[in-house]
Amino acid sequence: MSVLSDYAKRTPGSKEHFARVGAMIPAGATRSLNSWPPYPVYLDRGAGGTVWDVDGNAYRDFLANYTALPLGYADPDVTAAIREQLPHGTSHSFSRALEAELAELVVARVPSLERVRFTGSGTEAVMFALRLARAHTGRPLVAKAEGGYHGTTDDVMISVRPPADLAGDVRSPASVPEMRGIPASRTRETLVVPFNDVAASQEILRAHADRLAALVLEPVLGVGGMIPATAEYLTAMRATCDELGILLVFDEVITLRLAYGGAQQAYGVTPDLTTMGKIIGGGLPIGAYGGRADIMGLLEPRGGTDVYDSRSGGPALYQGGTFTGNALSLAAGIVTLGKLDAATIDALNRTGDLLRRELTGVFAAAAVDAVVTGVGSLFNIHVGPRRVEVFRDVRAVDAARQHAFFLGLLNHGVIVAPRGMGCVTTCTTGDDVAAFTAAVRLTLHDITE
Ligand code: PLP
């Protein structure tokens, strides 16, 4: 197949590296999603919208570390802010005053945030937000949407991409562990609702209301295929959670980039808690969660790990981590959010609209079954289906063709995620959009010849 032989010709250095590290690092890459057959491309460096691999091939990067780099690689202002911090130490035993600056920025932007805490990653933000929800409500269960991705803890590694034979009825999806090693007991603590189906989701929430602490939702299913929630769905979930005393958590780790105040501002729906990550760290590790002051107040006890909470008489709720609130992530995040003003975000979203339109046109002109989903600066190319409107439509993806498409795009110098997900950044130009569509045309030729 020409795609594979072209790939092999272009990437001998990556092949050699894979052969060397594969025995030592399982899958040959620590981020195992980034390991794919026949072997992954290993990167050397990035600048602006471009990355170079170890063989010296340049790629227009439309993934930008899975949407975490809205300003592209090595933005000069972000780099300068990191440099400024370096001589003062990279992480410290106590909080730096710097953390208040980033806190002020996110609280000022995101409507639901009255108070906020930082974490080391988006995964941790979700983990702590769900623990807080359980502590606040005294209830043991949480609910998430089928197809929803919220990081890698046992709570939420449930029914992200459930196989058709295990996924259960479309209106009452099963809780399917996403990977081995998740105990069945944990799986039973996470209920799964069908994204964008108001009546069926309400039925599930009502049936378990007295044991349900939180419903966590992405306003746009990200890893699940870049499928936006309907405004009706989010509004209905807000009302139902209010009615049942369930906390509504929006996971805005990806969607914060869609509007100045995140997707919650664009939809006009205010959750009780919000989780964040990626863009608020400007390319360095970070996460954050925040929301209603009364709920966040549970994190108030001071005095170390062995204090008891005077309100409950039980153990206190605390949260931290060795690298939480480290100086470099804070500094990079402050500059990045500062540069992402409303006009810049609008421009990003317009570039994204243009890209999705152009890509859709290429597939239509080539008469290839494929759908480009997404909203604003986010997209996902699905090769195989004729429509992707609800999460289960993603099953129609032709896995072999999607993979060939991904490798073919790499051959033509364009990076998206293996599953077709991507984004634009402030570095994405009209030329980049044209080069992407040209690469898609060439790739479709390669994989259909
Ligand atoms: N939540 C969502 C919606 C995400 O997309 C991600 C990561 O892609 C996470 C949580 C986890 O964030 P992190 O990878 O920083 O742990």
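The values are calculated or read from the model by the stated rules, or taken from the named source; none is laboratory data. Because the structure is predicted, anything quoted here is derived from the model rather than measured. So basically every Cβ, Gly included, is an ideal-geometry build from the backbone, and we count neighbours across all protein chains shown.
Within the stretch 176-194, residues that are touching a residue at least 40 places away in the same chain (Cβ under 8 Å) sit with their Cβ atoms under 6 Å from residues that are crowded, with 19+ Cβ neighbours inside 10 Å and in a loop (DSSP other than H, G, I, E, B), at 6+ positions apart or across chains, in these pairs: Thr190/Asp155; Thr190/Ser175; Val192/Glu146; Val192/Ser159; Val192/Ser175; Pro194/Glu146. Scanning the stretch 125-152 for residues that are of a type in the set (D, E, K, R) and surrounded by 24 or more Cβ atoms within 10 Å (Cβ to Cβ) yields a total of 2. Does Glu104 satisfy the condition of being at pLDDT 95 or above, surrounded by 15 or more Cβ atoms within 10 Å (Cβ to Cβ), of a type in the set (Asp, Glu) and closer than 24 Å to Ile295 by Cβ? No, not satisfied. Kindly provide the set of residues from the stretch 113-130 that are in contact with a helix residue (DSSP H, G or I) (Cβ under 8 Å, 6 or more places away or on another chain) and closer than 13 Å to Thr152 by Cα, ordered by number. If the condition is that a residue be in contact with a helix residue (DSSP H, G or I) (Cβ under 8 Å, 6 or more places away or on another chain) and closer than 13 Å to Thr152 by Cα, then Gly122 is the only one that fits.
With respect to the stated conditions, Asp393 is of a type in the set (Asp, Glu), more than 19 Å from His445 (Cβ to Cβ) and over 18 Å from the mean Cα position of the chain (by Cα). Is the stretch 7-26 home to any residue that is within 24 Å of Pro285 (Cβ to Cβ), at pLDDT below 95 and within 16 Å of the ligand (Cβ to nearest atom)? No: the stretch 7-26 contains no residue that is within 24 Å of Pro285 (Cβ to Cβ), at pLDDT below 95 and within 16 Å of the ligand (Cβ to nearest atom).
Name the residues in the stretch 49-88 that are small (Gly, Ala, Ser) and either surrounded by fewer than 19 Cβ atoms within 10 Å (Cβ to Cβ) or over 21 Å from the mean Cα position of the chain (by Cα) (or both), would you?
Gly56, Ala58, Ala74, Ala80, Ala81
Residues in the stretch 153-171 that are under 20 Å from Val198 (Cβ atoms) and either exposed (fewer than 15 other Cβ atoms within 10 Å of the Cβ) or in contact with a Cys (Cβ under 9 Å, 6 or more places away or on another chain) (or both): Asp169, Val170, Arg171. For the stretch 230-248, state whether one or more residues are in a loop (DSSP other than H, G, I, E, B), of a type in the set (Gly, Ala, Ser) and within 16 Å of the ligand (Cβ to nearest atom). Scanning the stretch 230-248, I find no residue that is in a loop (DSSP other than H, G, I, E, B), of a type in the set (Gly, Ala, Ser) and within 16 Å of the ligand (Cβ to nearest atom), so the answer is no. Out of curiosity, is Leu98 among the aliphatic types (A, V, I, L, M) and in contact with a helix residue (DSSP H, G or I) (Cβ under 9 Å, 6 or more places away or on another chain)? In short, yes. Determine whether Tyr233 is within 23 Å of Val170 (Cβ to Cβ) and aromatic (Phe, Trp, Tyr). For Tyr233, the condition - within 23 Å of Val170 (Cβ to Cβ) and aromatic (Phe, Trp, Tyr) - is met. Across the stretch 180-191, a minimum of one residue is classified as within 16 Å of the ligand (Cβ to nearest atom) and either among the polar types (S, T, N, Q) or touching an Asp or Glu at 6+ places or on another chain (Cβ under 9 Å) (or both).
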